[in-house]
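Data first, discussion second: the structure below is written as structure tokens.
The values are calculated or read from the model by the stated rules, or taken from the named source; none is laboratory data. Since we're looking at a predicted model, the values are computed, not measured. Don't worry about glycine lacking a Cβ; one is built from the backbone with ideal geometry, like all the others, and counts go over all protein chains shown.
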Amino acid sequence: MQTSLERLRRSTPEEQGIPSEAINRFLDEVEGRSLELHSLMLLRNGLAVAEGWWAPYRPSDRHLLFSLSKSFTSTAIGFARSEGLLTLEDPIIDYFPDELPEVVSPLLSRMKIKDLLIMASGHSQDTFNSLWKQEDGNWAKAFLSADLDHEPGTRFVYNSGATYMLAALLHKVTGQFLLDYLEPRLLEPLGITDAVWEKCPRGIAAGGWGLSLTTEDIAAFGQLYLQKGAWNGRQLLPEGWVEEASSVHISNGDGGESDWSQGYGYQFWRCRHGAYRGDGAFGQCCVVMPEQDVVLAITACTNGLQDVLNAAWTHLLPAMKKTELPNNPEAAEALTRRLGELRMPPPQRETSSPNEGRLEGRTYLMEPNSEGFQSVSFSFADDGADLTVRTAKGDHRVFLGRSEWRINQVQLNPDRPESVAGSFTWIGPLTLQVTIQLLEAPFRQTSTYRLDPDVDELELLVEINVGPKPQTFRGKPA
């Protein structure tokens, strides 16, 4: 079996009809607009013609896909339908007799599997929050108990709870966890290994979010759809499913210049220029361009995905030719060099401070706080520092580079270790800034430690790049 880093063959942009300069112009705009991409792969005619990872992100790292997960859940529905396990016209209530409310409304009785696929369940808002708040952990019960305000199938309302229900339905009809069901049908044929999917309290895949894959996994998935479900001479998905899933089934806007208002399929967004995509928060994206025989896979941390798509439509799309272009060694070499040197530099101010000894070897006990921070301690070396943070869940140790990244394996959740990159820099004689970048997600934590020698106290300000408001904690030496 091919490994996750070998399955797609490589080519040069010019050999596949794309000028290297066009890809460089795309990168110029992305970087000029400060759109934080973590990786990209551009495929043409089934071949990877450009690929890059912004260090410390690496090709082998899985990345949390957020709602791009939905397109994989939809694909599982396609497999299940082809195997006769369900039809899209089946009423949802038929699959969840034990989770139904005491009174089943006429609207709920008419909700079908297809209504969930096209985000037209009849709810007026996303049911995501009500799922999380369900005290007994029965998310299906919470979804089915939520009020319905519209006839199912008639109004688009983006609803992650609807996709969870598809995953729960698949769990019932297959008797398997979603990844286990997809393993022989999708994952193994595409060379996808080590996939991870978050579960609800009852052990069912979240469906609408929570899947983690590598960038090349995303690209291979897009290529499967571009090839209408065929892969290495095998028809994995029925060709008709791919056409159906990627077509418009419900309006979600008035078109125009927005790629969020071109219509919606089965957990796929339609785009301008005849394209469609799977799409997740902060820029996780798989764009399929059938007319150009192109797939663009991206992981990122940006709220400006429309700007990324605009850059693709402006610089990549019009430059694509149907035939091979003349070799341009100078431009190709410049692009290859640029892609190989992509990086997200950590904050770099001062590599050391005369007050470093004030922190060396000391443990600071934090005041009681809602986040469960109990203590922090530092141990410095010539090439970096060990940071140990104690919480109610135990000690978390990260090695930090001096104004450069150091990659660690950290047990952030009980199931498995995760890769993070850590760095520190001094932004003043008494102020240390620590940056920890999760390599399997877009999240970045910046912690500013400020020493107050007058009262021998440590103030800690913690900020998350896409999280809640900054929080301040205080501690004194143990």
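The residues of region 323-342 that are under 30 Å from W269 (Cβ atoms) and out of contact with any helix residue (DSSP H, G or I) (no Cβ under 6 Å at 6 or more places or on another chain), listed by number, are R338, L339, L342. Annotation: S121 fulfils all but one of (1) part of a loop (DSSP other than H, G, I, E, B); (2) in contact with a helix residue (DSSP H, G or I) (Cβ under 7 Å, 6 or more places away or on another chain); (3) surrounded by fewer than 19 Cβ atoms within 10 Å (Cβ to Cβ); (4) in contact (Cβ under 8 Å) with a residue 40 or more places away in the chain; the unmet one is (3). Applying the condition of being crowded, with 19+ Cβ neighbours inside 10 Å and within 30 Å of the chain's Cα centre (by Cα) to region 87-111 and asking which residue is farthest from G207 (Cα to Cα) yields M111.
Restricting attention to region 66-86 and to residues that are of a type in the set (G, A, S) and either touching a residue at least 24 places away in the same chain (Cβ under 8 Å) or part of a helix (DSSP H, G or I) (or both), the residue that is nearest to G207 (Cα to Cα) turns out to be S69. When D254, D293, D279 are checked against the criterion of being more than 21 Å from the chain's Cα centre (by Cα) and closer than 17 Å to V157 by Cβ, D254 stands alone in meeting it. Residue under question is E15, and the condition is that it be under 29 Å from G191 (Cα atoms) and among the acidic types (D, E); does it hold? Answer is yes for this residue. Of everything listed in (1) closer than 28 Å to T214 by Cβ; (2) outside any strand (DSSP E or B); (3) free of Cβ contacts under 8 Å to residues at least 24 places away in the same chain, the single unmet condition for D454 is (1). Looking only at residues in region 269-296 that are under 20 Å from A220 (Cβ atoms) and aliphatic (A, V, I, L, M), the one that is surrounded by the most Cβ atoms within 10 Å (Cβ to Cβ) is V295.
The residues of region 77-105 that are acidic (D, E) and within 20 Å of Q134 (Cα to Cα), listed by number, are D98, E99, E102. Residues in region 332-361 that are assigned to a strand (DSSP E or B) and modelled with pLDDT under 95: 2 in all.
Being in a loop (DSSP other than H, G, I, E, B), within 21 Å of L65 (Cα to Cα) and in contact with a Pro (Cβ under 9 Å, 6 or more places away or on another chain) is a condition met by no residue of region 414-432.
Where helices (runs of 4 or more DSSP H) fall entirely within region 126-184, those with at least 1 residues that are among the charged types (D, E, K, R) and touching a residue at least 40 places away in the same chain (Cβ under 8 Å) are at 139-145, 160-174. Is it the case that A162 is under 28 Å from K228 (Cβ atoms) and crowded, with 21+ Cβ neighbours inside 10 Å? Criteria met by A162. For beta carbons closer than 6 Å, sequence separation of 6+ or different chains, a first residue in region 221-236 that is at positive phi and a second that is part of a helix (DSSP H, G or I), the qualifying pairs are K228/E239; K228/V242; G229/E239; G229/V242.
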